[in-house]
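Novice: Let me give you the structure first, and then I'll get to my questions.
The values are calculated or read from the model by the stated rules, or taken from the named source; none is laboratory data. Just so you know, these numbers come straight off a predicted model, no measurement behind them. Cβ sites come from the backbone with ideal geometry, for glycine too, and all protein chains shown count toward neighbours.
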Amino acid sequence: MAPAGKVRPAPTPSALDLALYGGAIALSAFLLFLVQPIIARQLLRWFGGSAAVWTTCLVFFQGLLLAGYAWADWLQARPARTQALLHGALLLASLAWLPLAANPAWRPHSGTEPIGRILLLLTTAIGLPYLLLSTTGPLLQATFARGFPQARVYRLYALSNAGSVLALLAYPLLLEPELQGRTQASLWSLGYAAWAVLLGVLLVRAARRDTPRVEAPVPVAPRPRWPAMAGWLLLSAAGSMLLMTVTNHLTQNIAPIPLLWILPLAIYLVTFMLCFDGDGWYRPRFYGAASLVAAVLLLASLTFRPGGRYGLEPGQISAVHAVPLYAIGLFVLCMFCHGELALRRPDATVLTRFYLMVAAGGVLGGLLVGVVAPLLLSDYLELPVLLTALLFAVGLLHTGRLRAAALTAWAVGFVLLIVHLAVLRADVVDQRRNFYGVLRVRPSPPVAGEAPTLQLWHGGILHGEQFTARDTRDQPTSYYGPTSGIGRLLRARGAPSAALAGRPLKVGVVGLGVGTLATWARAGDDWQFYELNPQVVAVAERYFSFLRDTPARVRTVIGDARLSLEHQPPQGFDLLVIDAFSGDAIPVHLLTREALQVYRRHLQPDGVLALHVSNRELALAPIVARLAEEASLSAIRVLDTPAAGARHVCTSDWVLLVATTRAQAVLRDLGAGEILISDKQLRPWTDDFSNLLAALKVWQVAQPPTVRNQALPAI
């Protein structure tokens with residue numbers, strides 16, 4: 001032991017130490033969050049493009065993050081040489097997972113339970129590398145804190161979050177618009193290999209100097225007590241639930257695109273970075289008050305929409321308003337949760353336990369939103385319930401005027417929650433929820449002079465309706481009226497020169513809805529519907545009579561249409577209708593070069609491919625036109641606005657793909673329409689590349705040029 005007065009001062013980290021530790025932590029965080037959209041995007045096309053794919057992926061990522069933090073918490077108590085041996089062995093084993101790729105052998109089949117299959121796919125594709133990346137932050141920070149006890153180790157946590165945010169910004173802005181999926185995965189694999197070398201160097205350096213550098217004893221903080229750890233857990237869980245519920249809301253009501261996965265996640269991480277970088281960013285009273293305003297505004301936005309048919313209608317504000325509103329609200333509320341968490345952080349000597357509880361809170365929040373809520377709740381109530389609870393939490397954690405304001409805001413929020421529940425369940429005949437979302441059957445709102453209908457809603461999107469009176473229930477409604485593109489095509493089938501001659505037709509339809517298209521079927525026809533969600537089939541058969549009333553032969557194939565068509569022999573369809581894009585969470589894998597090849601394999605040589613591209617937020621007609629040009633087909637667009645007084649018929653946007661030699665004849669049959677000319681600068685979508693960001697209407701300055709057909713008499 002050193003003589004009194006001769007104790008060496010605690011060492012300070014050198015520039016090389018800072019570079020190695022900082023570089024390894026930042027690179028691991030960059031890779032950790034870059035791989036999430038890369039691998040999740042690969043899975044989307046196998047699971048129907050559902051927004052719930054990302055939620056399930058988040059649960060997986062949070063679970064492995066918890067496992068990584070638990071491993072770091074156990075490992076940091078071992079000698080550095082033991083750490084190097086054990087962790088180094090796992091590091092070498094993880095290289096067997098490279099290159100990054102989802103195994104096609106795990107693709108789902110009809111009736112396969114999606115959540116378990118997604119978790120298996122992720123485990124086989126990225127399991128051990130993701131686990132090891134998860135351990136880097138807490139493990140290296142603990143090692144750094146032991147070697148340099150006077151250094152500000154939590155700055156490394158902020159650096160880790162900075163690497164994460166950089167990855168999340170780089171993907172939608174740089175990687176996705178420019179690089180194919182295989183290239184993205186290859187670059188990530190190279191980055192992982194480089195990180196593994198860097199981490200190996202650090203492990204060896206730590207093992208070589210596995211001797212105390214400071215002769216004075218380093219004080220050790222007492223083990224944290226359960227009340228403190230429970231607080232860490234709950235605050236972390238609240239932030240995680242905010243992330244997932246806001247992401248769910250945006251992806252279900254706009255589109256399940258990486259940008260809308262990444263934007264909330266980036267905001268979530270930025271708040272972590274700010275709160276743990278220092279004590280100046282989080283001001284408790286300011287963010288407490290701001291959280292009250294944000295939570296009340298978000299609750300109100302879930303229920304009130306100006307101009308809604310119901311006066312009060314949930315989840316229907318446009319993307320232009322929804323994205324900034326929810327982004328700002330998420331930032332404010334996460335600053336509150338993570339700021340309160342940062343105020344309660346312990347001494348650096350027990351930071352791995354702190355990180356373990358933070359990760360456990362993330363997993364708890366993910367499980368509550370991604371697993372428990374779909375099993376217990378018949379509607380998306382996680383977000384309004386969480387917002388109401390956060391209003392109460394602000395009052396619980398603060399005193400004085402802010403507590404009084406919080407209790408008042410909580411009372412307002414509770415009333416908004418009750419109103420929201422009442423609006424959701426008003427006149428509901430049936431309501432169901434599964435992996436693919438919430439289905440709600442309800443009558444149309446009473447309007448003087450209008451015949452009543454029964455409607456099917458998927459979240460906030462109308463997916464079909466039928467007149468309830470017996471003498472009118474066979475009339476086509478919504479997007480399938482007589483002047484719509486598909487209506488004009490099928491009404492003209494009796495004409496001698498029609499694209500679809502008067503013979504019985506074999507028709508395939510991707511997307512059932514309530515079966516409205518069956519009103520156009522005739523005796524002798526053979527119609528085959530493909531539907532991803534089995535609950536849609538059950539609802540259509542129970543509450544709507546389109547499928548029962550048609551004289552044609554009708555069959556329904558349950559499962560992802562693309563996978564079903566790939567497994568079937570050529571069907572010889574005269575008409576194949578792709579009707580899966582009217583909802584906002586569109587399945588991109590049905591709109592790619594490879595998908596078009598699958599469709600053409602099932603069409604007769606003179607068959608028609610009809611794509612329904614009506615969409616509130618996305619301009620899809622240019623995408624279809626580009627694919628058509630590449631396949632030497634003509635794309636005929638029929639954008640129909642029903643005449644004034646038309647009852648329960650919507651504005652619709654249809655694009656019909658036909659052989660170029662038949663385009664003018666089809667235009668004459670339709671009596672309306674235009675031939676689209678593709679934008680040469682638009683890159684065709686493939687299974688390995690798509691850019692939904694460029695398709696957002698709010699981002700587009702102008703539509704591709706078109707050649708308009710001369711005015712022809714209506715049918």
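Novice: Can you pull out every residue in segment 650-659 that is part of a strand (DSSP E or B) and hydrophobic (A, V, I, L, M, F, W, C)?
Specialist: Trp654, Val655, Leu656, Leu657, Val658, Ala659
Matching residues to (1) at pLDDT 75 or above; (2) under 25 Å from Leu166 (Cβ atoms); (3) surrounded by 13 or more Cβ atoms within 10 Å (Cβ to Cβ):
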residue	(1), (2), (3)
Val201	yes, yes, no
Pro227	yes, no, no
Leu234	yes, no, yes
Gln252	no, no, yes
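Novice: From the list Arg647, Arg626, Arg662, Arg668, pick out the single residue that is farther than 23 Å from Tyr599 by Cβ and in a helix (DSSP H, G or I).
Specialist: Just one listed residue meets the conditions, Arg668.
Novice: For segment 91-118, what are the residues that are outside any loop (DSSP other than H, G, I, E, B), at pLDDT 80 or above and surrounded by fewer than 16 Cβ atoms within 10 Å (Cβ to Cβ)?
Specialist: Leu92, Ala93, Leu95, Ala96, Gly116, listed by residue number.
Novice: Here is a check on your reading of the model: is Glu340 among the acidic types (Asp, Glu), at pLDDT 85 or above and more than 30 Å from Arg542 (Cβ to Cβ)?
Specialist: Yes: the conditions hold for Glu340.
Novice: Could you please tell me which pairs satisfy a Cβ distance under 9 Å, a separation of 6+ or placement on different chains, a first residue in segment 442-462 that is touching a residue at least 24 places away in the same chain (Cβ under 8 Å), and a second residue that is outside any loop (DSSP other than H, G, I, E, B) and among the aromatic types (Phe, Trp, Tyr)?
Specialist: What qualifies is Ala451/Phe467; Thr453/Phe467; Leu454/Phe467; Leu454/Tyr543; Leu456/Tyr543.
Novice: Criterion first (touching a residue at least 40 places away in the same chain (Cβ under 8 Å) and assigned to a strand (DSSP E or B)) does Gln528 satisfy it?
Specialist: Taking the combined requirement at face value, the residue satisfies it.
Novice: Look through segment 629-641, keep the residues that are assigned to a loop (DSSP other than H, G, I, E, B) and within 33 Å of the chain's Cα centre (by Cα), and return whichever of them is surrounded by the most Cβ atoms within 10 Å (Cβ to Cβ).
Specialist: Ala631
Novice: Which residues, counting only those in segment 40-90, are assigned to a helix (DSSP H, G or I) and among the aromatic types (Phe, Trp, Tyr)?
Specialist: Of everything in segment 40-90, those that are assigned to a helix (DSSP H, G or I) and among the aromatic types (Phe, Trp, Tyr) turn out to be Trp54, Phe60, Phe61, Tyr69, Trp71, Trp74.
Novice: A further question on this structure: Of these, Asp430, Asp474, which one is out of contact with any helix residue (DSSP H, G or I) (no Cβ under 6 Å at 6 or more places or on another chain) and of a type in the set (Asp, Glu)?
Specialist: Sole residue among the options that is out of contact with any helix residue (DSSP H, G or I) (no Cβ under 6 Å at 6 or more places or on another chain) and of a type in the set (Asp, Glu): Asp430.
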